Amino acid sequence: MNVVERPYVGLVFFVPGLTETLRVNGRAEISTDPEHLEPLAINGKPPISVLQVTVEEAFLHCAKALIRARLWDADAQVDRSRYPSYGRVLADQIAGADAAEIDAGEAESAKTELY
């Protein structure tokens, strides 16, 4: 969805281990204002932009859906090997892309360029 064209968002906040969630609905806009970026800097590096949400409604959801889904139960989680890697998904969509190369680059990037 393009937030610039349709600025309404619905967000659901999950906290690992908790079964209740927080739902926030509101109007969103992208901001590059340094006043908004600086407080979010990590290791001195601020984000390029932020999504600023003006909350129109917020409410808690009960735990029933997450309890039934067993989302936080390790024994209910799917083995990662059953799904294609990030690199494989991209290579299937981009002519000439190499899945192994993408996966290796992403693994290194996650270690060295997280922030």
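Multiplying the sequence separation of ARG82 and ASP33 by 0.36 nm and subtracting their Cα-Cα distance, what value in nm do you get?
Contour length minus the Cα-Cα distance gives 13.4 nm.
How large is the Kirkwood hydrodynamic radius of the chain, counting all unique pairs of alpha carbons, in Å?
That comes to 18.0 Å for the chain.
Could you state the accessible area per residue of the stretch 28-115 in Å², with a 1.4 Å probe and every protein chain left in place?
On a per-residue basis, 81 Å².
Within 10 Å of each candidate Cβ there may be at most 16 other Cβ atoms; applying that plus a DSSP loop requirement, which GluC sites (Glu not before Pro) in the stretch 37-115 survive?
Here the sparse-neighbourhood loop sites are GLU113.
In deg cm²/dmol and to the nearest 500, what is the mean residue ellipticity at 222 nm of the chain if only DSSP H runs of at least 4 residues count, each as -39500 (n - 2.57), divided by the residue total?
About -7500 deg cm²/dmol.
At 1.4 Å probe size, with the rest of the protein present, what percent of the exposed accessible area of the stretch 23-89 is carbon and sulfur atoms?
Reported share for carbon and sulfur atoms: 54 percent.
What ranking of VAL4, VAL53, VAL78 comes out by heavy-atom accessible area, probe 1.4 Å, highest first?
VAL4, VAL78, VAL53
Extension gain GLN52-ARG70, at 0.36 nm per residue separation less the Cα-Cα distance, in nm?
That pair, GLN52 and ARG70, stretches by 3.3 nm at full extension.
The values are calculated or read from the model by the stated rules, or taken from the named source; none is laboratory data. In this text, all values refer to a predicted model and were calculated from it rather than measured experimentally. FYI the Cβ positions are ideal-geometry reconstructions off the backbone, even for glycines, and counts take in every protein chain you see. All accessible areas refer to the heavy atoms of the entire protein, side chains included, with ligands and DNA or RNA removed. Shrake-Rupley method; radii C 1.70, N 1.55, O 1.52, S 1.80 Å.
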